[in-house]
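The next block holds one structure in the form of structure tokens; read it before the comments.
Nothing in this text is a laboratory measurement; each read-out follows from the coordinates by a stated rule. This is a predicted model, so every value here is computed, not measured. Positions of Cβ are generated from backbone atoms using ideal geometry, with glycine treated the same way; all protein chains shown enter the neighbour counts.
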Amino acid sequence: MSNGSESVVDDVKQAKAALSNIDWSFHPGPALSETELKPFNARKYHWYPATFVPEIPFTLIEILTSPGATVYDPFSGIGTTYFQALSLNRKPIGTDICKVAVDYTENLSTLFDPDCDHQKVLHSLEEKFDEYSDGVDYSTEVSDEILLDELRPWYSEPDFQKFCFLFQLEAANENRFEKAALRIAISDALKSHCSQNRGWGCVADNMHPKEEQIMDKRALSGVSSKLQVLLRDIDDHLATAGDYYDEIYSSIRDSQTIFHTDVREFTDIVDESVDLVVTSPPYPEMTDYVAAQRLSYYWLGEKVGLSDRFNNDMNTEIGARRKRSRGSSNREYLEMMYEANENIVSKVAEGGYLCYVLPEIDDDEDERKEIVSKVLTDIENRNEMSRIEDYMRVIPSNRRSHNIKWTSLNQERISLFRKNDES
Ligand SMILES: C[S@@+](CC[C@H](N)C(=O)[O-])C[C@H]1O[C@@H](n2cnc3c(N)ncnc32)[C@H](O)[C@@H]1O
């Protein structure tokens, strides 16, 4: 039965048969040859918390849509869905409230340009890194907009100087590919090379490293090695991306595809223009996406306070961990998610699909289980949406979250819906 779109699989039975054959734990993954396109792991180059495995969006996009389809991730984080869509010759769209995540996705997307010579970028940057000299005070050369006083307590003095060197190198660089590569590596290194070694929660809570924790983390060589891996990986990945990749990239090169916005207010794409939504919404009280990026926000010139009022991104973030002590946090989470659902559903085309990946909570966690299930029934209760199927994913034990409230998180539910399904 046709819903009129050629961009999605119209035969739901066929889609369900293919999806029910997938081992959603992806463990071990399929053996693929060197020349076959594999999921691109955007998480390898940034420590951004609570991202999903690239195999999930890759599989859903490949099975449910055709090349040229529009794929939207409303909570796009560092673009896990975005880069699978692009590599599979679909048009990617992403929105996120975290400016740092959006900056990362934009820059990685720049490096996905088929005109980019990744080896040339690497060599040129390595030559520039060689100009670093111990004993120079690079902090005097850095733009006033960067909040250096906020950054200084997090690093040893040698690392602080190396970051100042990198900041001015990035600001002065006029080559857009080199600039993009530097922005990715700096943003990642600001946390992974800070002296607070007890995880992102301490950074989110603004717990400066103690004197005995301060150590030299060799920030410049860290950035350099990460860039080598990143640029080589993109090169290898694009070599397998297929004949139409250049065409799809040209179609997005000059248009905005990644937006820094509250998803509830996203109006930059027209209603009913998306063939597939794949996303993992924020979970209630689990992660502070914005505050955890405070070091990168300081570099971008923005304050991040413990309280929402200092930062608009924090203010509009859904499900933040810091709200856990407020009695109203679960109600607030649901209200925000219902508003998000409404706007997200409005973007899906007739016959298009929507897929949410959410944690499967143990039965003894009644309240939390109910909240997550309400997010899904809210979609199901919208007139035009039908729930097609749910798939369970067992998270391999080495990838499980050990966050205090979510220690029992060992499964995810992948819930698939369709708009105006006539089959
Ligand atoms: C589970 S993460 C998504 C990670 C993503 N799947 C990835 O692999 O990178 C949820 C995301 O929702 C974003 N978010 C929270 N509130 C939001 C809002 N009001 N509008 C848009 N994005 C929001 C967070 O910043 C976070 O990046």
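What does the helix-only formula give at 222 nm for the chain: each DSSP H stretch with n ≥ 4 adding -39500 (n - 2.57), the total divided by the residues, and the result rounded to the nearest 500 deg cm²/dmol?
-12000 deg cm²/dmol
What's the exposure ranking of THR140, THR81, THR240, THR70, going from fewest to most Cβ atoms within 10 Å?
So the ranking, lowest neighbour count to highest, is THR140, THR240, THR70, THR81.
Could you sort out which of LYS16/LYS374; LYS191/LYS374; LYS38/LYS374 sit more than 31 Å apart by Cα distance in this structure?
LYS191/LYS374; LYS38/LYS374
Points 7 angstrom from Cα along the Cβ direction at ASP11 and GLN411: gap in nanometres?
For ASP11 paired with GLN411, the spin-label model returns 3.1 nm.
What dipole magnitude, in Debye to the nearest 20, does segment 190-260 give about its Cα centre under +1 on Lys/Arg Cβ and -1 on Asp/Glu Cβ?
460 debye
How much space per residue, in cubic angstrom, does the convex hull of the C-alpha atoms of segment 24-153 take up?
Hull volume over Cα atoms, normalised by residue count, gives 188 Å³.
Nearest 20 debye, what's the magnitude of the dipole of the chain about its Cα centre given +1 on Lys and Arg Cβ and -1 on Asp and Glu Cβ?
Once rounded to the nearest 20, the dipole reads 1060 debye.
How large are Rg and Dmax for the chain when only the alpha carbon atoms are used, in Å?
Looking at the chain, its Cα Rg and Dmax stand at 21.7, 71 Å.
Are there any GluC sites (Glu not before Pro) in segment 58-136 that are in a DSSP loop and have at most 13 other Cβ atoms within 10 Å? List them by number.
Here the sparse-neighbourhood loop sites are GLU131.
So if R0 is 51 Å, what FRET efficiency would GLU62 and ASP205 give, r being the distance between their Cβ atoms, rounded to the nearest 0.05?
The pair GLU62/ASP205 has a calculated efficiency of 0.80.
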